[in-house]
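First comes the structure, then the notes that go with it.
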Amino acid sequence: MTDSGNILRLGIVGCGAITREGHLPELLQFPNIDVRFLCDTTYEYAELAQLEFGLDAEITNDISDFSNLVDCALVAVPPRLHAPISMRLMQMGIDVMCEKPTADEADQAQRMVDEAAKLERILSVGLTTRFHRNNRILKALVSGGELGDIVEVVGEMGAPLDWTMTTDAYYNRNTTAGGVFYDVGVHMLDRIIWLLGDLDNLNYEDDSYGGVESNGILTADLTLHKGTVPFRGCFSWTHMLDNCVRIVGTEAIAEARLDDPDHVYLQRRVGDSSFEMVVSPATAEADELTPLAEQWQDFLESVVNRTPSRAAADTTIRALQVIEEAYRIRTHMAQPWVETGRSAI
Amino acid sequence: MKPTKILVTGATGFIGSRLCERLSLVHNLPYRALVRNFSRASRIARVDAEMVSGELLDKPALERALEECDVVMHLAHSEDRLAKKETRALIDVCIQAGIQRFVHVSSMAVYGPEPGPECSSEETAVISHYGEAYSDSKAGQEAVVMAAVRSRNFPAVIVRPTVVYGPYSGFVPPVIDAAHRGHITLIDDGKGVCNAVYVDDVCDAIVAAMLADNVIGGAFVINGDTPVSWREFNLQLASMAGKPFDVSNLASADIREYWHSQAPRFTDNFRQLAGLLASNDFHAELSRVPLFESFLGWAKNSLGERLSDQQKLRIKLKLGYSNAPAPRSATSVEWPDPGRLVRECYPIVISNQKAKNALGWAPAYSFEDGVQLTGQWLKFVRMIEGHGDA
């Protein structure tokens, strides 16, 4: 599989903020990774990555250079380019870890999955919330009946955008298929579907006025193994939301918070008092990896052992289908302070 | 004049974002937004604003941004010390590009922190140097614009908004936060004048200044029709928090005295430096250098043997050390910051009559209307109760 034993030669496509601030600090922890190429159309970004991490990697703007010199690749480019670049890399015999979302459209993602199967390549997607350790706890609390009957599930992701963006790639229809719902919604919907069950009977509204939305709300029926419960997902780029998955049961409420991937917060009433308990795994490992590092470990094991990744692309398609369907049935979110037509001239 | 295309600088700020929304949704005018940091552009991305990356001191970027544009609406104000230089650079490129109308968005701050009654009208107001960074910066920008009008026939109009409020205003959240904490502080019983103007009225005034004839070289105050007191402003907003709060009063003289006492003195440099040299954290860092590690160990042991515990403590106290906990008090004073002091001690009502006469503009929102819309936004962003959605 590799030309050099267990060392995996990595090529990075896209050296923007997510690569430099997210992936590189995590993946460089693994001694069996050798970063061979930094590929970006903006030379300065690749050079920044090279200098910041002291990498002895070649800088290029053409992935053809990877041919026969790379075993696996990170694809961290604007979403519209995920499919063409990942497909080309796989055709060059390279395994791919692609940033989320898998592709613009579910059909396109399916073609990527089919290509990966035909070429026997690993295609994993950067859906990091699948690697939050509190997923196990949440699932156990639900299936063990600890929360009583489930009456509602809420998922919220929202905060003002606050990192330096040097381009309009997040908003430009040439580079992205949507706004906040497409950007962070894919994390939440993938997590809900992967962890709990499928979503159906969708209703969706957002605040697009011809451009990409900054706020979106999805309501749907969530199919759990004991029946169907309402799901509500809220997403925002303009203000802070609760940033959690909240499962409301008749006996207790469980919250898996995005800023604490290891614990579940359990609220329960006992008599007239209510308590919050922090639920941790009984056997916490010392020196645990971050969710993103765990995702890299999972990907590298898949590449070495030729086994499916925990975020294999074929399991990510349903969330994209839900997003597509939601955009199709979109209704307008009323914002009277925006829409007032009253004029002073 | 009817524009071919407008370049909006400062397009991702509080007023700039709303201006872009209204240019798209109400006035249906073509424009391009100059953007420095795209993470702040999510509001204008909703209306599919055309965006171009650039900074005011980047001449090639400005030249690209101005292609096809014949109007500039200049709202950018990055840093007080850079504002004049940036405005001058923008004007140079605008003249080169043959811009037909330049609307400079200034501020009533050009009248300084304590304006006299002559400033109630543009005709009698005097603009000078105040020793207050924001006022001086805005006045400096206006001077640059007016010099270009006089000496280079630059087709500029100046608008001077007063206290602009509305959704996304920086003035609103601190009042709501204070109400949530159960305590609102007024300055001089809130008697200062709040020349409040709703953000949509300001945006429309900017458009009016572009459209109006015979206004080149003019400066126009953009104020609401119903100035209120800061008591009304603060308490009306605070009441939307839906929680009981008490109201206390601070005298402006006491606030000034407090900030004066907090101003750094020359001797503070030595006190801080001595404190740093004596601190355990500094010693720990220094000890990472092997030579200092052994020296510090020797010095500490030698001194430790010669000084009593009382002597050691007296030295520490002189260096600012204290082990006493801060007193727990329900009535501890939160001193309003100097910016708020200037705003809320404002002595005069500023007339909007000149803008009404010359620009064909008149405020469309009473204070009550503006507060109501702001309240709907506050619910949406969950600063006050009543949301149910995003």
FRET efficiency, A:I329 to B:Q376 (Cβ-Cβ, R0 41 Å, nearest 0.05)
0.95
My understanding is that a pair violates if its Cα-Cα distance is over 26 Å; which of B:K138/B:K354; B:K5/B:K379; B:K85/B:K354; B:K2/B:K85; B:K2/B:K354 do that in this structure?
B:K5/B:K379; B:K85/B:K354; B:K2/B:K85
For A:S67 and A:Y43 in one chain, what is 0.36 nm times their gap in residues minus the Cα-Cα distance, to one decimal in nm?
6.6 nm
Accessible-area order (highest first, 1.4 angstrom probe) of the listed residues A:L69, A:L202:
A:L69, A:L202
Per-residue average of Cβ from other chains inside 10 Å of B:369-381:
3
Taking the full set of protein chains and a 1.4 angstrom probe, give the accessible area of B:H260 in square angstrom, rounded to the nearest 10.
140 Å²
Along the Cα-to-Cβ line of A:M277, 7 Å from the Cα, sits a label point; which residues in the stretch A:251-270 have backbone N less than 19 Å from it?
A:251-257, A:262-270
Using the alpha-carbon atoms, what tilt in degrees (0 to 90, nearest 10) does helix B:290-306 show relative to the longest principal axis of chain B?
60 degrees
Taking the Cα centre of the stretch A:108-217 as origin, work out the dipole magnitude from +1 charges on Lys and Arg Cβ and -1 charges on Asp and Glu Cβ, in debye rounded to 20.
620 debye
Which order do B:D201, B:D268 take by accessible area at a 1.4 Å probe, largest first?
B:D268, B:D201
Helix-only mean residue ellipticity at 222 nm, the protein assembly as shown, DSSP H runs n ≥ 4 weighted -39,500 (n - 2.57), per residue, nearest 500. What is it?
-11000 deg cm²/dmol
Cα extents of the stretch A:8-128 along the principal axes, largest first, in whole Å, come to 39, 26, 25
Keeping all protein chains in the complex and leaving out DNA, RNA and ligands, what accessible area do you get for B:L317 with a 1.4 Å probe, in Å² to the nearest 10?
100 Å²
Rounded to one decimal in Å, the inverse mean reciprocal Cα-Cα distance for chain B, i.e. its Kirkwood radius, is 24.1 Å
3J(HN,Hα) from dihedral phi, the stretch A:234-248, Karplus parametrisation 6.51/-1.76/1.60, rounded to Hz, x for glycine, proline:
10, 9, 8, 9, 9, 8, 6, 10, 6, 6, 7, 9, 10, 10, 9
So which chymotrypsin sites (Phe, Trp or Tyr not before Pro) in the stretch B:1-107 are both in a DSSP loop and have at most 14 other Cβ atoms within 10 Å of their Cβ?
none
Between B:E305 and B:R265, how high is the FRET efficiency from 1/(1 + (r/R0)^6) when r is the Cβ-Cβ distance and R₀ = 60 Å? Nearest 0.05.
0.95
Eligible aspartates and glutamates near B:K191 by straight Cα distance, threshold 17 Å, same-chain separation 8 or greater:
B:E114, B:E232, B:D254, B:E344
Once phi is turned into θ = phi - 60°, what whole-Hz ³J(HN,Hα) does the Karplus curve with 6.51, -1.76 and 1.60 give for every residue of the stretch A:194-201, x standing for Gly and Pro?
5, 8, 10, x, 7, 10, 8, 6
Lysines with Cα under 18 Å of A:K226, excluding same-chain neighbours fewer than 8 positions away
A:K139
Quick one: if the Förster radius is 51 Å, what FRET efficiency do A:E152 and A:R306 give, using the C-beta to C-beta distance and rounding to 0.05?
0.80
Rounded to a whole number, the mean other protein chain Cβ count within 10 angstrom for residues of A:231-238 is 3
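The values are calculated or read from the model by the stated rules, or taken from the named source; none is laboratory data. Just so it is clear, the structure is predicted and the values come from calculations on it, not from any experiment. Reconstructed Cβ throughout: ideal geometry from the backbone, glycine too, with neighbour counts over all protein chains shown. Accessible surface is based on the protein model in full, side chains and every heavy atom, while ligands, DNA and RNA are left aside. Shrake-Rupley method; radii C 1.70, N 1.55, O 1.52, S 1.80 Å.
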